[in-house]
1. Scan the stretch 177-200 residue by residue and report those that are in a strand (DSSP E or B) and either within 20 Å of V86 (Cβ to Cβ) or not aromatic (F, W, Y) (or both).
2. Taking the options P164, P217, name whichever one is within 23 Å of S8 (Cβ to Cβ) and in contact with a Ser or Thr (Cβ under 7 Å, 6 or more places away or on another chain).
3. List the strands (runs of 3 or more DSSP E) that sit entirely inside the stretch 112-176 and contain at least 1 residues that are without any contact (Cβ under 8 Å) to a residue 60 or more places away in the chain and not small (G, A, S).
4. If I ask for residues that are under 19 Å from K124 (Cα atoms), part of a helix (DSSP H, G or I) and polar (S, T, N, Q), which ones from the stretch 63-80 would you list?
Amino acid sequence: MGYNKGDSYEQNIFYLLAAKQLIKTDSIRAGAGNSTDIKFLYNLQEYNLEVKLDLEADYGQKMLKWQEGVWSWCIDDSVTSFYTSVGVLDIINSKNFIPNRYSIPKYEITAQQKNQDQKAFEDKIDIDINSLYDFYGNKNCYYIQIGGFGFYHLKQDILSLSTPRFDCKMRLRLRAKTIHSSPIYKYGFYAVLKVDKQGKPQKSWYDIEEKDGRIFPPII
C-alpha cells in the first residue's frame, strides 16, 4: 500500500503523540498490514491505537476467489478470520451463482458477463458492532482515533480515560470491483467493512488533533 492520505494522517497522529512524549523513542508505525497502527504510552506502558483518516475509511478490504464451486479468501489473515466469524463466506456461498470470471476463459469474458457477475455478487450486509469490538480486542487494541470525530474506546475503556465508546452501525459491502478497465477480465471480488452513513457515531469530546473544541485525551 503506497503513501496516501490515510498514511499521512496516521503519521501526523504519530508525531502529535511523540511531541507529547507518548511514543517510545525507538518506536515506528506499523504501516500497512494487520498490526494496529500506533503504540502510545500510558504510565510508561505501551497500548495499541487504531487510526482512521475519517468515517469513509474501511476496516479491511479483502479479495475472494472461487474454486470448485466454493468461495474462499485469496489470503488468510486476522481480518479474513474476522469476516468468516461473522458469516461472510456463508452468505456468499449461499448465493449459489457461478462467476463468469472463474468459469469462462478470461480472454473470452464480455462486458455483459462482467456486469452479470457484479449484479450477482454485490450486496450490503449489516454487521453487529460487537463483532468489531471483539476483532480489535483480540489484537489487544481498545482505542481508536478518527479524523474529524476524535478519540474513542472500542470494546472497553481499559485505561479509565472516560472516553466515549465508538458506537455506530457497521455494514459489510461485497463488490465485484474493476481492477483495470482493460482487458475486461481485470476485475475481482472483494469484501470490505465500513461505517454505515445512516448510523454514524456522535463526535468524541477527546481528539489527539484537538480540533473543533475537542481536547486531548487524558493520556499521561
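1. Let us first name the residues in the stretch 177-200 that are in a strand (DSSP E or B), namely 177-178, 187-195.
Selection gives K177, T178, G188, F189, Y190, A191, V192, L193, K194, V195.
2. Values: P164 fails: within 23 Å of S8 (Cβ to Cβ).
Only one candidate qualifies: P217.
3. Here the list reads 123-127, 150-153.
4. Hit for the stretch 63-80 is T80, nothing else.
Only the coordinates and a few stated rules stand behind these numbers; no lab work does. Model, not experiment: these values are computed from the prediction. Note that we place each Cβ from the backbone using ideal geometry, even for glycine, and neighbour counts take in every protein chain shown.
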